[in-house]
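To start, the structure under review is shown below, and the notes come after it.
The values are calculated or read from the model by the stated rules, or taken from the named source; none is laboratory data. Please read these numbers as outputs of a predicted model, since none were measured by experiment. Cβ: placed from backbone, ideal geometry, glycine included. Neighbour counts: every protein chain shown.
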Amino acid sequence: KQEVTQIPAALSVPEGENLVLNCSFTDSAIYNLQWFRQDPGKGLTSLLLIQSSQREQTSGRLNASLDKSSGRSTLYIAASQPGDSATYLCAVYLSTGAGSYQLTFGKGTKLSVIP
Amino acid sequence: GAGVSQTPSNKVTEKGKYVELRCDPISGHTALYWYRQSLGQGPEFLIYFQGTGAADDSGLPNDRFFAVRPEGSVSTLKIQRTERGDSAMYLCASSQRGYRGAADTQYFGPGTRLTVL
């Protein structure tokens, strides 16, 4: 069974710092990997999707990398801002064999950026 | 519509009652997914629809949970005889196709927060 682990569970940094969030998965036979942001009590906002043939994706201050062979992904946030404070979730797309692609999520990293 | 919508945003019910949660996917998306997120956890897969049919319901926890999508658009998640352990955020997502060979991006709705007293 695919397991997704995110480390650290929580992170607090001063404003302006660069930071890295880590995600690891046990089954390298994934298709895509997606990073989400979730604000307290809210739904999921998609940040970056990395397709299985890609190694990284960038959007603004965010950069996500994927290494399928080692079962790892990282989300790099440059010049962090208080508005970046949220929980960041990593999810992998895994074929169920029933013609669908389930998302398997980690538990998330709760980020606090201190002004 | 512009995005996935879910209603109600919050639902409070008593133990033993029946509830329905609604999801309206992005127009034209044939694949629809339901996930459940307990406090402090990541979302967990419940059921997947391709068109009108439930192609994969392996994540439904028991037979009190049921979902339909009669016209291939709006979906309703139905929970009978609710229990306190059903309290969670219920998230719906849709994608363009979702069939084998195309792991299309899933777009999520804002969720329904269900509280069972």
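Looking at B:GLY72, is it under 18 Å from A:ALA91 (Cβ atoms) and part of a loop (DSSP other than H, G, I, E, B)? Working first, answer last.
On the way: under 18 Å from A:ALA91 (Cβ atoms): no; part of a loop (DSSP other than H, G, I, E, B): yes.
So B:GLY72 does not fit the description; no.
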Working only within segment A:85-102, note down all residues that are within 14 Å of chain B (Cβ to nearest Cβ), in contact with a strand residue (DSSP E or B) (Cβ under 6 Å, 6 or more places away or on another chain) and in a loop (DSSP other than H, G, I, E, B). A:THR96, A:ALA98, A:GLY99, A:SER100
Subset of segment A:62-84 [touching a strand residue (DSSP E or B) at 6+ places or on another chain (Cβ under 7 Å), under 17 Å from A:GLN38 (Cα atoms) and surrounded by fewer than 17 Cβ atoms within 10 Å (Cβ to Cβ)]: A:TYR76, A:GLN81, A:PRO82
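Working carefully through the options B:PHE108, B:PHE45, B:PHE49, B:PHE66, find the one that is over 19 Å from A:GLY106 (Cα atoms), crowded, with 19+ Cβ neighbours inside 10 Å and under 13 Å from the mean Cα position of the chain (by Cα).
Of the residues listed, the single one that is over 19 Å from A:GLY106 (Cα atoms), crowded, with 19+ Cβ neighbours inside 10 Å and under 13 Å from the mean Cα position of the chain (by Cα) is B:PHE49.
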Report, by residue number, each residue of segment A:1-24 that is touching a Gly at 6+ places or on another chain (Cβ under 6 Å) and either closer than 16 Å to A:TYR101 by Cα or free of Cβ contacts under 8 Å to residues at least 24 places away in the same chain (or both). A:VAL4
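Going through B:LEU91, B:LEU60, B:LEU77 one at a time, which residue ends up being within 10 Å of chain A (Cβ to nearest Cβ) and either in a loop (DSSP other than H, G, I, E, B) or buried (at least 22 other Cβ atoms within 10 Å of the Cβ) (or both)?
Going through B:LEU91, B:LEU60, B:LEU77 in turn, just one is within 10 Å of chain A (Cβ to nearest Cβ) and either in a loop (DSSP other than H, G, I, E, B) or buried (at least 22 other Cβ atoms within 10 Å of the Cβ) (or both): B:LEU91.
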For segment B:17-45, which residues satisfy the criterion of being within 10 Å of chain A (Cβ to nearest Cβ) and either without any contact (Cβ under 8 Å) to a residue 40 or more places away in the chain or within 13 Å of B:SER94 (Cα to Cα) (or both)? B:ALA31, B:TYR33, B:TYR35, B:GLY40, B:GLN41, B:GLY42, B:GLU44, B:PHE45
Leading residue by the ranking (modelled with the lowest pLDDT) among those in segment B:67-104 that are among the charged types (D, E, K, R) and either in contact with a strand residue (DSSP E or B) (Cβ under 9 Å, 6 or more places away or on another chain) or closer than 16 Å to B:PHE45 by Cβ (or both): B:ARG100
